Protein chains: 2
Amino acid sequence: MFEFAVHSTQGNARTGTLQTPHGALQTPVFAPVGTQATVKAVAPRELHELGATLVLSNTYHLYLRPGDALIAQLGGLHRFMGWDGPMLTDSGGFQVFSLGDLRKIDDDGVTFRSHLDGSTHRFTPEKSIQIQHNLGADIIMAFDECPPPLDRATVERATRRTHDWALRCRDEQARSGDMARQALFGIVQGGVFPDLRAQSAAFLTDLDLPGYAIGGLAVGETKAQMLTTLDQVMPLMPTDKPRYLMGVGSPEDLINGVARGIDIFDCVLPTRLARHGAALTRRGRLNMGTLAYATDSAPLEAGCPCYGCTHFSRAYLRHLLKASEILGYQLLSLHNLTLLTTLMREMRAAIMDGTFAAYAADFLMFYRASTKEAESPPA
Amino acid sequence: MFEFAVHSTQGNARTGTLQTPHGALQTPVFAPVGTQATVKAVAPRELHELGATLVLSNTYHLYLRPGDALIAQLGGLHRFMGWDGPMLTDSGGFQVFSLGDLRKIDDDGVTFRSHLDGSTHRFTPEKSIQIQHNLGADIIMAFDECPPPLDRATVERATRRTHDWALRCRDEQARSGDMARQALFGIVQGGVFPDLRAQSAAFLTDLDLPGYAIGGLAVGETKAQMLTTLDQVMPLMPTDKPRYLMGVGSPEDLINGVARGIDIFDCVLPTRLARHGAALTRRGRLNMGTLAYATDSAPLEAGCPCYGCTHFSRAYLRHLLKASEILGYQLLSLHNLTLLTTLMREMRAAIMDGTFAAYAADFLMFYRASTKEAESPPA
């Protein structure tokens, strides 16, 4: 289980297959985020329809509500949320660090207060792994510290902790887990500092884990800094393991990430934008609530195969948004996710055909990126 | 067009077919309500899937937003909201009367202020018909006054106005409408007063309209008063025209209405309850947010064919509701509508088989009605 085979490469871009207990995952792949055991406003059958193959869910949120023990008792997260394909859970690390004043970090773990009711809890590397065992995702993540990427002293300390905690996660997985059922991925930290990233990549590679993530990006640095860091760290990552860029998911970031050899992405961006009335298209973002679309009988994006684009006009979408109708968020979520899963499928095909460089250049020529994307934090 | 054929009868219950420009409608039928050009949280393809065949939309809401002229310009309401089956619009009468202090009624019409921005507008019978022409539903309703049903003087005046306005609606439809494309239904008023109901039924029957509604029920009277009124007025309604009980839609009201010869129902109840976390079942209502369901691995309702009941547990639904996840409202809306469309299909089959009386008795024996249902106002 969890064999990873690379099929085609073009430059640093590559296609592959990761075997999981819930099926073979074609990479590169984008994972929609189901923070609270549901991709917001999208049902599992719709995820299948739009081509999603991997779903991420959040350890912090599910631990607090409804509780990982309850989910285990009900047969695990796959069964609970009705998703029968490959699944990934994060470690809860990023979420608890994001709590700011509500959490306190030490070398052993993190004490934090629930954003729901203020109750006090503690995550350690062992606890994170135990929760992720209860949830039962195919891919689980090592508990890490994800600091703002620009302050060297903070990043240095966090990277050291991330390494200590990766060892403890590996040991806990060996002690209480099932390596045939769940693959533990390590997370390379180090902010924007090449030497720290190199140390982190070397340390984690030595652990010979079944996969590796690049953490600590898309959390405050510029797009240029993110790409520079990727350019620097990707050659240091094992080529025979899947490589996962956490929390990244704008169209241009997916293109740029695949071009640098990333295999897995996740991001709340497509569904979060939808709830704010924004559509992702091949030409850039559209704010569907604006008056410009009030009388527009065209589909949101011509040629898009999603349910919304094949059945409704921009004018109707705009009406739904102005009237705060749930269907508007449903349709925009379907559309935004469809664009990203379609991009991934097109990129896989282009890599296999040897046309990826042209595909990427062509896409980026027409896509008008928003400068705000690098600052969109994960959930 | 709009031929109505009665097929089978059992007691007063009957099955029939109403021909419309968007297909033949099998009756008795329940119409989900799409107030703002969408059945809340349910897409048209899901309406087809769950067996809905007729959808109601609201003249008042669509006149204000996005505007009936815009909808006409975009090809009409069917195309705008992506519903290709039979459709019905109300007259706006009930909504403007429900505005209370924001509206002023005179014998010519109603001046009212928008609940959206406070702007002043005026509906007359002619205006209501013109708006409904722009929307383009298959069945349109005469503009009526729908007063609280218990105050005789008010009801008497409202019934007189309703008759005057029905004449004006008929004339406006003849002048500017298309009788082959839209069927104008008259609305029998008269509150809980048998003589007023009898006068109203007689007056409207003389107009020989293609269908008739019973208005002014489910707006403040008790269930017993509603049924007594139906018992009294139904024998006075033409048997060769479809008969529509407006704003009624709890399971027991559907059974009791069909038993009295009603052919068409509509109600916001199933989707409104869903947004409040309540499920309709054959045993009564369930509040899915309660702790009792937190660990319940059973489906919401065993045997229900809806997407939610065939894929998820009560525990999952309860979690979605506690977490305010949109999917929870989607799944409950699908379920509640599925129950009502299934009931209607079962009743049609039972009438054709001659087993309706037993079917109705059996259903009502197991169904624990909520005493609150009669007080649920339409949207």
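Just a few scattered comments:
- Beta bridges by DSSP in segment B:95-240, antiparallel share as percent, to the nearest 5: 50
- Beta bridges per DSSP with both ends in chain B, % antiparallel, nearest 5: 50
- Exceeding the 30 Å Cα-Cα cut-off - candidates A:104/A:241; A:223/B:40; A:127/A:241: A:104/A:241; A:223/B:40
- Relative contact order (percent, whole number), segment B:274-366, Cα cutoff 8 Å, 6+ residue spacing: 29
- For chain A, a simple Cβ point-charge model (Lys and Arg +1, Asp and Glu -1, everything else neutral) yields a dipole of about 840 debye relative to the Cα centre.
- Whole-percent pair-distance distribution, where bins are 5 Å wide, for the alpha carbons of segment B:1-140: 2, 10, 18, 19, 17, 14, 10, 7, 3, 1, 0
- Label-point separation, residue B:296 to residue B:152 (7 Å along Cα→Cβ), nm: 4.8
- The overall shape of chain B, judged from the alpha-carbon gyration tensor, is prolate: a/c is not under 1.5, and a/b is greater than b/c.
- Segment B:88-205 shape via C-alpha gyration tensor axes, a/c threshold 1.5: oblate
- About its Cα centre, the dipole of segment A:1-130 is roughly 180 debye, where the only charges are +1 on Lys and Arg Cβ and -1 on Asp and Glu Cβ.
- Using the Cβ-Cβ distance between residue A:121 and residue B:353 with R0 set to 60 Å, the FRET efficiency works out to roughly 0.50.
- Average partner coverage of A:33-45, which counts Cβ from other chains inside 10 Å: 4
- Projected label points at residue A:324 and residue B:12, each 7 Å from Cα along the beta carbon direction, are separated by 4.1 nanometres.
- At R0 = 45 Å, FRET efficiency that the Cβ-Cβ distance of residue B:167 and residue A:365 yields, to 0.05: 0.10
- Remark on segment A:132-181: Rg and Dmax equal 13.3, 39 Å (Cα only).
- As a size descriptor, the averaged projected area of the C-alpha convex hull of the protein assembly as shown was calculated at 33.0 nm².
- Selected from B:261, B:51, B:153, residue furthest toward positive end of dipole (chain B; charges at beta carbon): B:51
- Since only A:34, A:110, A:366 are under comparison, the one whose Cα sits farthest along the positive direction of the charge dipole of chain A, derived from C-beta charges on Lys, Arg, Asp and Glu, is A:366.
- Exposure proxy order (Cβ contacts within 10 Å, fewest to most) of A:176, B:91, B:333, B:98: A:176, B:98, B:333, B:91
- Per residue of A:320-333, other chain Cβ atoms within 10 Å of the residue Cβ number 5 on average.
- Angle between chain A longest axis and helix A:356-366 axis [Cα atoms, degrees, rounded to 10]: 60
- Charge dipole (Cα centre; +1 on Lys/Arg Cβ, -1 on Asp/Glu Cβ; no other charges) of the protein assembly as shown amounts to roughly 520 debye.
- Using the rule -39500 (n - 2.57) for each DSSP H run of four or more residues, divided by the residues of chain A, the 222 nm mean residue ellipticity is -12500 deg cm²/dmol.
- Selection from B:271, B:129, B:225, by position along the positive dipole direction of chain B (Cβ): B:271
Since every read-out is calculated from the coordinates, none of them should be taken as a lab result. Predicted, not measured: the structure shown is a model, and the values here were computed from it. Cβ coordinates were reconstructed from backbone atoms using ideal geometry, including for glycine residues, and neighbour counts include every protein chain displayed.
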